[in-house]
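Shown next, in structure tokens, is the structure this report addresses.
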Amino acid sequence: LKRPILMDFGSAGPLRRPCERRIDILMIAEEASEHTTMPYRPPELFPGALMVGHDDLDYALVDVWSLGCVLFATLFGASPFECQFSRETGQTRIVDCTQLGVLGEIPRPPENTPSAEWYSSEMLNLVEFILEKDRMKRPTLQMVQNRVEAMMLKELES
């Protein structure tokens, strides 16, 4: 069985970074602005999100966030933070991504529009599960994998 692998070695490095000193925080934000695309960057990588003394930054959870953005983009054609849905038709519209946009709600197609019928609520809930803004509550990759496997098993059984 062949499996696709999504990877980007442009910012490969240690999985954990300390938040012990102000310079640590500044370097994390600076590197994120250089090596990540804003619509796929989690809230903790924006300036002002991390503080001295916070728990270490876990880049595995950063990758989970980015995976959620890629999943959303696969479903709807754009990152959730550069996408809006028309209230009347449900059509997607591409908008500029901002830091405030990343902190906002994950968009969903309005009920009773064609795009609302494209995917199950379980699939949309999976995206929201992955895109947990609080890095301390964000699921691990193993938790995401378990949920996807449960969804697949449920689909096979029905």
Return yes when Arg138 is surrounded by 11 or more Cβ atoms within 10 Å (Cβ to Cβ), among the basic types (Lys, Arg) and modelled with pLDDT under 95 and no when it is not.
no
Of Leu71, Leu75, Leu50, the only residue that is out of contact with any Phe, Trp or Tyr (no Cβ under 8 Å at 6 or more places or on another chain), closer than 24 Å to Tyr119 by Cα and of a type in the set (A, V, I, L, M, F, W, C) is Leu71
The residue that is surrounded by the most Cβ atoms within 10 Å (Cβ to Cβ), considering only those in the stretch 48-81 that are under 9 Å from the mean Cα position of the chain (by Cα) and of a type in the set (Gly, Ala, Ser), is Gly68
Residue set Thr89, Thr98, Thr113; condition surrounded by 12 or more Cβ atoms within 10 Å (Cβ to Cβ) and closer than 28 Å to Pro14 by Cα; output residue Thr98
Those residues of the stretch 17-47 which are open to solvent by 60 Å² or more (accessible area, probe 1.4 Å), not in a helix (DSSP H, G or I) and not acidic (Asp, Glu) amount to Arg21, Thr37, Pro47
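The values are calculated or read from the model by the stated rules, or taken from the named source; none is laboratory data. Just so we're clear, the structure is a prediction, and the values are computed from it rather than from any experiment. Because the Cβ atoms are built from the backbone with ideal geometry, glycine has one as well, and the counts that use them run over all protein chains shown. We work out accessible area using only protein heavy atoms, side chains counted, and drop any ligands, DNA or RNA first. Shrake-Rupley method; radii C 1.70, N 1.55, O 1.52, S 1.80 Å.
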